[in-house]
Amino acid sequence: PSAPNGCPVSHAAAAFDPFSDGYQQDPPDYVRWAREQEPVFYSPLLGYWVVTRYEDIKAIFRDNLTFSPSIALEKITPTGPEANAVLASYGFALNRTLVNEDEPAHMPRRRALMEPFTPEHLQHHEPLVRRLAREYVDRFIDDGRADLVDQMLWEVPLTVALHFLGVPEEDMDTLRQYSIAHTVNTWGRPKPEEQVAVAHAVGNFWQYAGQVLDKMRANPDAPGWMQYGIRMQKALPEVVTDSYLHSMMMAGIVAAHETTANATANAMKLLLQHPSAWREICEDPGLIPNAVEECLRHNGSVAAWRRLATQDVTIGGVAIPAGSKLLIVTSSANHDERHFADADLFDIRRDNASDHLTFGYGSHQCMGKNLARMEMQVFLEEFTRRLPHMGLAEQAFSYVPNTSFRGPEHLWVEWDPAANPERRDP
Ligand code: HEM
């Protein structure tokens with residue numbers, strides 16, 4: 001087989017399958033061969049060019065005109081006519097938000113909506129995060145065993161995301177189900193027989209998001225990023241459009257929730273797999289902020305992102321025609337020896353850990369990065385203080401097959417409740 005630029009496709013490139021367990025378990029290891037031998041290759045299975053090295057990926061992020069983000073939320077597996085008809089029956093019209101918006105529309109909108117992400121505003125959310133983290137740990141601290149994902153890490157970031165957006169708490173359970181369907185719909189490969197069920201869930205999510213938005217419009221002075229957007233729309237109707245608000249009401253939940261839940265689960269797994277690092281942060285919580293960066297680098301929750309080449313370009317010496325789709329494997333960039341010394345080593349004191357590309361880079365870089373960091377730090381502070389003696393239980397880790405959002409579906413930990421610091425030293 002040959003790639004769209006006429007070059008032959010290597011065996012390894014032909015075999016590349018991001019829906020396989022190999023990629024799910026460890027994306028940077030799965031594409032190690034590419035990082036070393038064929039850093040930019042064409043995947044016939046995906047119909048995407050795959051980019052694996054740090055400098056190439058950073059250069060792509062830096063130039064959002066040549067490399068448009070417009071396909072960031074496009075379905076990676078096109079659905080069949082039946083599922084499309086289901087989506088249409090719900091009036092599904094998810095459109096550009098920020099992450100997939102081109103210039104010149106993107107920057108004015110990003111600027112208009114930035115204030116709620118500034119440190120002064122974010123600090124108001126920390127007490128809620130701390131209170132929720134404590135309440136959830138209280139529920140299982142005497143059990144000696146917990147699935148941190150099911151019993152805490154899924155729900156707490158969801159609640160924080162809903163508060164941040166300004167969504168009423170009573171709608172939480174419904175949204176929890178819908179947001180999983182959205183991930184599979186966008187980044188996964190649902191089988192034809194699953195596609196219709198996924199489409200119904202996504203269609204319901206879309207309509208539900210519209211209803212929640214209507215509630216918010218009725219009370220636009222309430223706190224929340226969405227209400228802030230509703231207020232900005234009055235002054236800048238061309239910048240903050242109705243389509244933006246409805247789409248962000250749906251996409252924003254996933255952006256703020258799953259990324260952070262998965263990032264914390266990945267971080268806890270990694271730390272408990274490295275007991276000496278875990279012991280160090282238990283003894284010195286001052287190490288937590290850099291440990292969080294190193295966890296995001298080594299095992300982040302976004303494994304890859306997407307761009308569309310708007311003109312003929314050369315990436316890493318490979319000629320790529322205009323119109324090509326790119327899968328930029330940020331998790332591979334984060335393990336590139338050319339940028340990170342001894343890149344596979346997990347080192348919570350690494351001085352350039354925060355150079356990771358898990359939040360993207362440049363004009364679209366994650367707006368919620370400091371909210372996510374704050375949440376992860378609070379969770380680690382609470383775990384290290386209250387359950388320093390916990391360890392990973394024997395288990396096999398499973399992931400929802402998709403190219404981009406990664407985190408274990410379950411994370412079982414265990415400890416001896418009789419040795420809880422709170423019992424020894426109440
Ligand atoms: C954009 C990752 C948490 C809101 C992005 C992008 C990535 C990302 C990869 C695209 C960057 C690019 O194209 O350069 C993550 C990760 C998170 C996280 C790994 C958690 C660990 C959050 C949270 C929010 C959020 C908590 C809060 C609402 C956004 C927004 C954008 C974005 C609004 C679009 C920015 C733009 O295009 O201008 N994020 N995110 N994210 N993220 Fe996050």
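The values are calculated or read from the model by the stated rules, or taken from the named source; none is laboratory data. Nothing here was measured: the structure is a model prediction, and the numbers come from that model. Virtual Cβ from ideal backbone geometry, glycine too; neighbours counted across all protein chains shown.
Here are a few things to note about the model shown:
- Some residue of the range 49-71 being closer than 22 Å to A261 by Cα, surrounded by 17 or more Cβ atoms within 10 Å (Cβ to Cβ), out of contact with any His (no Cβ under 6 Å at 6 or more places or on another chain) and of a type in the set (A, V, I, L, M): no
- Taking every residue in the range 248-271 that is more than 12 Å from E375 (Cα to Cα) and pairing it with any residue that is crowded, with 24+ Cβ neighbours inside 10 Å and of a type in the set (D, E), at least 6 positions away or on another chain, yields no pair with a Cβ-Cβ distance below 7 Å.
- Total residues in the range 18-58 satisfying the condition of being of a type in the set (D, E), over 20 Å from the mean Cα position of the chain (by Cα) and part of a loop (DSSP other than H, G, I, E, B): the figure is 1.
- The residues on offer are Y23, Y48, and the sole one that is of a type outside the set (G, A, S) and at pLDDT below 95 is Y23.
- Looking only at the range 121-176, and only at residues there that are among the polar types (S, T, N, Q) and within 16 Å of the ligand (Cβ to nearest atom), the one that is farthest from L271 (Cα to Cα): Q123
- Residues located in the range 217-229, provided they are surrounded by 21 or more Cβ atoms within 10 Å (Cβ to Cβ) and free of Cβ contacts under 8 Å to residues at least 60 places away in the same chain: none
- In the set (1) without any contact (Cβ under 8 Å) to a residue 40 or more places away in the chain; (2) surrounded by fewer than 22 Cβ atoms within 10 Å (Cβ to Cβ), L46 fails one condition alone, (1).
- Within the range 261-355, strands (runs of 3 or more DSSP E) holding 3 or more residues that are surrounded by fewer than 19 Cβ atoms within 10 Å (Cβ to Cβ) and in contact with a strand residue (DSSP E or B) (Cβ under 8 Å, 6 or more places away or on another chain): none
- Top-ranked residue in the range 109-125 [being loosely packed, with under 15 Cβ neighbours inside 10 Å and in contact (Cβ under 8 Å) with a residue 60 or more places away in the chain; ranked as nearest to R306 (Cα to Cα)]: M114
- Residues that are in contact (Cβ under 8 Å) with a residue 40 or more places away in the chain and not in a helix (DSSP H, G or I) within the range 230-247 comprise L236, V239, V240, listed in sequence order.
- Among the residues of the range 376-391, those identified as buried (at least 18 other Cβ atoms within 10 Å of the Cβ) and either more than 18 Å from L287 (Cα to Cα) or within 14 Å of the chain's Cα centre (by Cα) (or both) are M376, M390.
- Restricting S247, S243 to residues that are under 18 Å from the mean Cα position of the chain (by Cα), among the small types (G, A, S) and over 30 Å from G391 (Cβ atoms) narrows the list to S247.
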